[in-house]
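See structure below.
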Amino acid sequence: MDQVLGLQCVLCGRQYALGEAPYTCPACGERGILDVRYDYEVVRSRLDRHLLARSPERTMWRYTPLLPVEDVQRAAPLTVGWTPLYRGARLAEDLGVPCLDLWIKDDGRNPSASLKDRASSIALVRAQEEGAGVIAAASTGNAASSLACLCASVGRPCTIFVPEAAPPAKVAQLLVFGARVLLVQGSYDEAFDLCMAACRAYGWYNRNTAVNPFMSEGKKTVALEVCEQLQWQAPDYLLVPVGDGCIIGGVGKAVRDLLALGWIERAPRIVGVQAAGSAVLATAWRQGTEEIVPVPPTTLADSIAVAQPRDAIKALRAVRDTQGMYLTVADGEILEAMRLLGRTMGVFAEPAGAAAVAGLIQMIRTGLLHGTERVAVLVTGNGLKDVAAALQAVPAPVRIAPTLEAVREVVGS
Ligand SMILES: *Cc1c(COP(=O)(O)O)cnc(C)c1O
Ligand SMILES: [Zn+2]
């Protein structure tokens with residue numbers, strides 16, 4: 001794996017060889033998240049934009065030389081990544097900005113129906129390369145169903161910690177995929193801490209967001225894809241829903257990789273969108289601090305309901321380094337975004353999955369966008385994962401007797 005130089009702590013800057021630090025920085029503890037460093041000369045010798053254009057690999061593994069894995073022969077057989085990037089012309093028109101060059105990345109199209117599959121598929125390969133047995137994860141729901149899905153495809157055991165309030169569809173996915181499911185009578189943050197303790201006690205491979213430095217490397221592939229799908233003309237803005245901050249940290253990493261490789265000329269401004277009821281990172285960004293003050297979340301967007309974001313530093317730096325911003329959206333704005341996305345594009349998102357669309361709508365309405373920019377928006381999870389929330393976003397259906405007469409009454413004439 002000579003493309004990887006090693007790991008570096010985001011807090012103290014200490015460098016480690018692969019395998020030298022277990023997960024986070026031994027000197028800084030759990031806040032000392034590690035970042036994977038690459039030898040871009042080696043990457044460049046294996047991959048370039050022309051090779052990519054001819055690559056038959058229509059999965060995230062088309063970027064293997066930019067990922068911390070040795071041998072993708074060990075990867076799960078499921079198709080993860082290379083999801084569609086749709087032109088959002090009808091949505092832009094509906095929002096009164098027909099000249100906006102709008103793109104929607106539908107990552108609900110992954111095997112377990114969320115972007116988390118990009119991280120889980122890295123976890124699977126890393127666990128095998130490190131000779132680990134059981135893989136464990138704590139999750140608001142999607143990281144868990146994703147890990148369970150990919151583990152099922154290779155027959156590997158996994159243990160999952162989810163808060164008991166997780167939407168039933170996500171729990172159903174876990175059970176169908178045959179994971180050992182532990183419904184924790186507590187919050188996501190409590191499930192996370194419990195999983196950390198269990199991994200230490202049992203020696204399980206820990207797929208938890210942020211403490212495992214490889215997860216954001218998997219998630220970065222979504223932004224590599226967006227730039228490639230736009231012929232390396234990076235968008236002016238890239239909008240990302242944010243909970244723990246691992247996706248947006250990965251997006252920031254993708255931008256750094258692409259600039260270092262010279263594949264894009266300028267960075268997109270990264271915009272983090274949080275639910276108003278779970279906005280610890282937006283608050284820290286506004287106050288110009290990296291000190292995180294946990295706040296119990298209150299939002300219907302369960303996938304981004306996080307009291308204490310685990311990937312805060314990468315998440316804040318991704319925005320700061322690209323002159324981006326953090327926005328907060330109310331649950332009502334998220335429901336409106338779900339409805340608009342569905343009606344104008346035929347894309348069904350869960351609440352967290354539509355949060356960045358809500359951020360887009362807010363940017364348009366508050367004049368942050370002029371209406372001619374190129375904007376890409378990540379839709380991170382499919383709406384079927386949380387049907388109860390979706391039903392809150394739409395009017396009730398019309399009930400009728402099974403007669404043509406009743407149809408006439410509704411349709412008229
Ligand atoms: C996990 C998740 C997010 C947030 O990702 P973080 O890395 O926690 O910031 C957003 N949307 C969906 C659908 C998710 O599952
Ligand atoms: Zn450190």
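The values are calculated or read from the model by the stated rules, or taken from the named source; none is laboratory data. Computed from a prediction, not measured in an experiment: that's the story for all the values here. Note: ideal-geometry Cβ built from the backbone for every residue, glycine included; neighbour counts use all protein chains shown. Heavy atoms of the whole protein, side chains included, go into the accessibility calculation; ligands, DNA and RNA do not. Shrake-Rupley method; radii C 1.70, N 1.55, O 1.52, S 1.80 Å.
How many of the residues in the stretch 293-317 are over 22 Å from ALA337 (Cβ atoms) and either part of a helix (DSSP H, G or I) or more than 16 Å from ligand 2 (Cβ to nearest atom) (or both)?
Residues in the stretch 293-317 being over 22 Å from ALA337 (Cβ atoms) and either part of a helix (DSSP H, G or I) or more than 16 Å from ligand 2 (Cβ to nearest atom) (or both): 11 in total.
Quick check on this structure: which one of ARG118, ARG90 is touching a helix residue (DSSP H, G or I) at 6+ places or on another chain (Cβ under 6 Å), among the basic types (Lys, Arg), in a helix (DSSP H, G or I) and open to solvent by less than 60 Å² (accessible area, probe 1.4 Å)?
ARG118 is the lone residue from the list that is touching a helix residue (DSSP H, G or I) at 6+ places or on another chain (Cβ under 6 Å), among the basic types (Lys, Arg), in a helix (DSSP H, G or I) and open to solvent by less than 60 Å² (accessible area, probe 1.4 Å).
Look through the stretch 1-58, keep the residues that are basic (Lys, Arg) and at pLDDT 95 or above, and return whichever of them is farthest from ligand 2 (Cβ to nearest atom).
The qualifying residue farthest from ligand 2 (Cβ to nearest atom) is ARG54.
Pick from the stretch 236-287 the residues that are part of a helix (DSSP H, G or I) and of a type in the set (S, T, N, Q): which of them is surrounded by the most Cβ atoms within 10 Å (Cβ to Cβ)?
THR283
Of the numbered conditions (1) touching a Cys at 6+ places or on another chain (Cβ under 6 Å); (2) surrounded by fewer than 22 Cβ atoms within 10 Å (Cβ to Cβ), ASP311 fails exactly one; give the number of that condition.
(2)
Residues checked against (1) among the aliphatic types (A, V, I, L, M); (2) modelled with pLDDT under 95; (3) in contact with a strand residue (DSSP E or B) (Cβ under 8 Å, 6 or more places away or on another chain); (4) more than 8 Å from ligand 1 (Cβ to nearest atom):
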{"site": "ARG207", "(1), (2), (3), (4)": "no, yes, yes, yes"}
{"site": "VAL211", "(1), (2), (3), (4)": "yes, yes, no, yes"}
{"site": "PHE214", "(1), (2), (3), (4)": "no, no, yes, yes"}
{"site": "GLU217", "(1), (2), (3), (4)": "no, no, yes, yes"}
{"site": "VAL222", "(1), (2), (3), (4)": "yes, no, yes, yes"}
{"site": "TRP232", "(1), (2), (3), (4)": "no, no, no, yes"}
{"site": "PRO235", "(1), (2), (3), (4)": "no, no, yes, yes"}
{"site": "VAL240", "(1), (2), (3), (4)": "yes, no, yes, no"}
{"site": "ILE248", "(1), (2), (3), (4)": "yes, no, yes, no"}
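Looking only at the stretch 138-157, which residues are open to solvent by 10 Å² or more (accessible area, probe 1.4 Å) and either away from ligand 1 (no atom under 15 Å from the Cβ) or among the basic types (Lys, Arg) (or both)?
Within the stretch 138-157, ALA152, SER153, VAL154, GLY155, ARG156, PRO157 qualify.
Could you run through the stretch 212-247 and say how many residues are touching a helix residue (DSSP H, G or I) at 6+ places or on another chain (Cβ under 7 Å), among the β-branched types (Val, Ile, Thr) and within 23 Å of LEU100 (Cα to Cα)?
Total satisfying the criteria: 2.
Given the options ARG374, ARG339, ARG365, ARG343, name the one that is more than 25 Å from ASN110 (Cα to Cα), at pLDDT 95 or above and basic (Lys, Arg). I'd like the intermediate steps shown before the answer.
Details: ARG374 fails: more than 25 Å from ASN110 (Cα to Cα); ARG339 fails: more than 25 Å from ASN110 (Cα to Cα); ARG343 fails: more than 25 Å from ASN110 (Cα to Cα).
Exactly one residue qualifies, and that residue is ARG365.
I'm trying to understand the selection: among the residues of the stretch 54-87, which are open to solvent by 20 Å² or more (accessible area, probe 1.4 Å), closer than 21 Å to PRO268 by Cα and hydrophobic (A, V, I, L, M, F, W, C)?
Scanning the stretch 54-87 gives TRP82, LEU85.
Is it the case that TRP103 is under 30 Å from THR372 (Cα atoms), out of contact with any His (no Cβ under 9 Å at 6 or more places or on another chain), away from ligand 2 (no atom under 15 Å from the Cβ) and among the aromatic types (Phe, Trp, Tyr)?
Criteria met by TRP103.
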